[in-house]
Amino acid sequence: MVIVGNWKMNKIVSESVKLATELVAAASSIQNVVFAIAPSYLALAKVSDVVKGTNVKLAAQDVHWENQGAFTGKVSADMLKDVGVEFVIIGHSEQRTYFGETDLSVNKKVKKVLSLEMTPIICVGETIAERKAGQLELVLSAQITGAYAGLSGDEAQRTVVAYEPVWAIGTGVTATDDEAQQAHQFVRSMIAKLYGDSTAQSISIQYGGSMKPDNAAGLVAQKDIDGGLIGGAALQVDSFLGILNAAEMRRQ
Ligand code: 13P
């Protein structure tokens, strides 16, 4: 189980430090779940100091694929690694929709992050129009094929996928357990096609989209759901802890 809290563009540095400090205290007994928080770039260094040596890991919300140089506004993978980041969210639908992220840029970022021994969380998911048009599998397979282009089996094994149906993000409408399971199963079958069954079985596939304490248990009970990428519910310690507890109690 891998649970990651994506704080998106929320919380100034002092608020980020406060939430991280509360989480460290509240989640100290979580043992069976790998979990991380992704504050804004600006708060990463301070939050890193708070979570160092605890069971809370650090994640970033994006990265650039170049090492350094004239890329105004961007943050490199080296910079993230240097402050203790272990997971990097790549290809979030908000990046794809508002900031021109493509399968090609996702692929470059994934390779860069892997080269520095961090774990990319590759986000995929369909819009409601695509789902209604019967294009779920078409969209997912294009996103997966694009993200993994040129990756070796060993590299693929070090990735995490987040299935986030765009229509469920921030809307309060969650995919049903069955809808989510079907999409996850399809994603796993795509990975199996590319890298074989054992790699596909070893990769964690997170669900994201209005995951809350009251629907988390049902989702993580599904065969192919190995965790969650949490937005709104990660912004308060109680709701994030509720999800962590649901994941912790899932049959191992
Ligand atoms: P919500 O949990 O707010 O729907 O956001 C999900 C998400 O986009 C996580 O990356």
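Throughout, read-outs are computed from the coordinates displayed, never taken from laboratory work. These numbers were taken from a predicted model, which means no experiment stands behind them. FYI the Cβ positions are ideal-geometry reconstructions off the backbone, even for glycines, and counts take in every protein chain you see.
Normalized C-alpha radius of gyration of the chain, against 2.2 N^0.38 Å?
Dividing the Cα radius of gyration by 2.2 N^0.38 Å gives 0.93.
Mind listing P(r) for segment 1-118? All alpha-carbon pairs, 10 Å bins, whole percents.
Using 10 Å bins, I get a P(r) of 13, 45, 33, 9, 0 for segment 1-118.
Grab the DSSP H runs of the chain that are 4 residues or longer, score each as -39,500 (n - 2.57), total them, divide by all residues and round the 222 nm result to the nearest 500 deg cm²/dmol. Don't skip to the answer; put the middle values down first.
Details: 12 runs with 117 residues, N = 252.
One gets -13500 deg cm²/dmol as the mean residue ellipticity at 222 nm.
What does the charge count near GLU101 come to, summing +1 for each Lys or Arg and -1 for each Asp or Glu among other residues with Cβ under 10 Å from its Cβ?
Residues near GLU101 contribute -1 overall.
Over all directions, the average projected area of the alpha-carbon convex hull for segment 109-217 comes to how many nm²?
In nm², the orientation-averaged hull projection of segment 109-217 is 7.1.
Per residue, what volume in Å³ does the Cα convex hull of segment 167-229 take up?
75 Å³
Which one of VAL24, SER48, PHE87 has its Cα pushed farthest toward the positive end of the charge dipole of the chain, where Lys and Arg give +1 and Asp and Glu give -1 at the Cβ?
Result: SER48, furthest along the dipole toward the positive end.
May I ask you to derive the FRET efficiency for ALA221 and PHE71 from their Cβ-Cβ distance with R0 = 35 Å, giving the value to the nearest 0.05? All intermediate terms of the calculation are to be shown ahead of the outcome.
On the way: r = 43 Å, r/R0 = 1.22.
So, using R0 = 35 Å, E works out to roughly 0.25.
Between THR102 and SER29, take the C-beta separation as r, use R0 = 51 Å, and let me know the FRET efficiency to the nearest 0.05.
Step by step, r from the Cβ atoms, then E = 0.75.
Run the reach check for LYS46 against lysines, Cα to Cα strictly under 20 Å, same-chain hits fewer than 8 apart removed. What comes back?
LYS8, LYS11, LYS18, LYS57, LYS74, LYS81
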